[in-house]
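Visitor: The structure under discussion is supplied below as structure tokens; questions concerning it will follow.
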Amino acid sequence: MYQFIKDADHYVLSVDNHESLMTALARFCEEQHILSAVIGGLGAICEATFRFLDPATKQYVDKTFSEQMEITNLTGNVSEKDGKPYLHVHITASRRDYTCVGGHLLDARISGACELVVDAYPKLAPGRRADAETGLNLYKF
Ligand code: FE
């Protein structure tokens, strides 16, 4: 599903072709006991599903793009919710015509490669709790 190398709390992670990016990332964080980290990366995908929260209605609107795309940027963080790693990942992806789509990532299917860096901060444990006003899982320090 993935391979990695590490130096202290810094990881270089490669997610295998055809895998679910979020499933692999979640498994990696659980197996390495990571509850606090920043994530950066790039790669190629053939499907991505984004989630948009309409603040007026508090309704989620999900949209899936099924085409070959380059991940031009992946930015994310890991925190703790209910004792488990909680992933928050945004990506921008470029299409064949070089236009981009992007947003809050629900999941993506790797199509080629996915190269990530994960910098863990084991002395921090940023927690998240559900927030009624926004409908989001917000940091709660
Ligand atoms: Fe988000």
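Visitor: List every residue whose amide H lies under 5 Å from the amide H of Thr72, counting only residues 5 or more places away in sequence or on a different chain, with H placed 1.01 Å from N in the peptide plane.
Guide: Residues meeting the criterion, in which the H sits 1.01 Å from N, are Thr92, Ala93, Ser94.
Visitor: Now for a separate question. Through the Karplus equation 6.51 cos²θ - 1.76 cosθ + 1.60, θ set to phi - 60°, convert the phi angles of the range 129-139 into ³J(HN,Hα) values in whole Hz; use x for Gly and Pro.
Guide: So the J values, rounded to whole Hz, are 9, 5, 10, 5, 5, 9, x, 10, 8, 9, 4.
Visitor: Still on this structure, please answer the following. Can you compute the helix-only [θ] at 222 nm over the chain? Use -39500 (n - 2.57) per DSSP H run of at least 4 residues, normalise by all residues, nearest 500 deg cm²/dmol. Mind dumping the intermediate values first?
Guide: Numbers: 1 runs with 11 residues, N = 141.
The helix contribution divided over the chain gives -2500 deg cm²/dmol.
Visitor: Quick one: what are the phi-derived ³J(HN,Hα) couplings along the range 50-56, Karplus 6.51/-1.76/1.60 with θ = phi - 60°, whole Hz, x for glycine and proline?
Guide: Result, rounded to whole Hz: 10, 10, 10, 9, 7, x, 6.
Visitor: Continuing with this model, one more query. Would you work out which of Ile71, Leu105, Tyr60 lies farthest towards the positive end of the dipole of the range 2-140, given +1 charges on the beta-carbon of Lys and Arg and -1 on that of Asp and Glu, about the Cα centre?
Guide: The residue sitting most towards the positive pole is Tyr60.
Visitor: So, with +1 on the Cβ of K and R and -1 on the Cβ of D and E, and no other charges, what is the size of the charge dipole of the range 2-140 about its Cα centre, to the nearest 20 debye?
Guide: Dipole magnitude for the range 2-140 comes out near 340 debye.
Visitor: Hey, what's the Cα Rg ratio for the chain versus the globular rule of thumb, 2.2 N^0.38 Å?
Guide: 1.06
Visitor: Continuing with the same structure: If I model a spin label at Cys46 and Tyr98 as a point 7 Å from the Cα along the Cα→Cβ vector, what separation in nanometres do I get?
Guide: 2.6
Visitor: Could you pull out the pairs from Lys63/Lys123; Lys84/Lys123; Lys58/Lys84 whose alpha carbons sit more than 27 Å apart here?
Guide: Over 27 Å Cα-Cα: Lys63/Lys123.
Visitor: Could you grab the relative contact order for the range 2-140? Cα pairs under 8 Å, six or more apart, rounded to a whole percent.
Guide: Over the range 2-140, the number comes to 33 percent.
Visitor: Residue by residue through the range 105-112, what is 3J(HN,Hα) from phi via Karplus (6.51 cos²θ - 1.76 cosθ + 1.60, θ = phi - 60°)? Round to whole Hz and write x for glycine and proline.
Guide: Per residue, the Karplus-derived 3J(HN,Hα) values read 8, 7, 6, 8, 9, 5, 9, x Hz.
Read-outs: derived from the displayed coordinates by stated rules, not from any lab. The shown structure was predicted, so the numbers you read here are calculated from the model rather than taken from an experiment. Glycine gets a Cβ as well: all are built from the backbone with ideal geometry, and neighbour counts include every protein chain shown.
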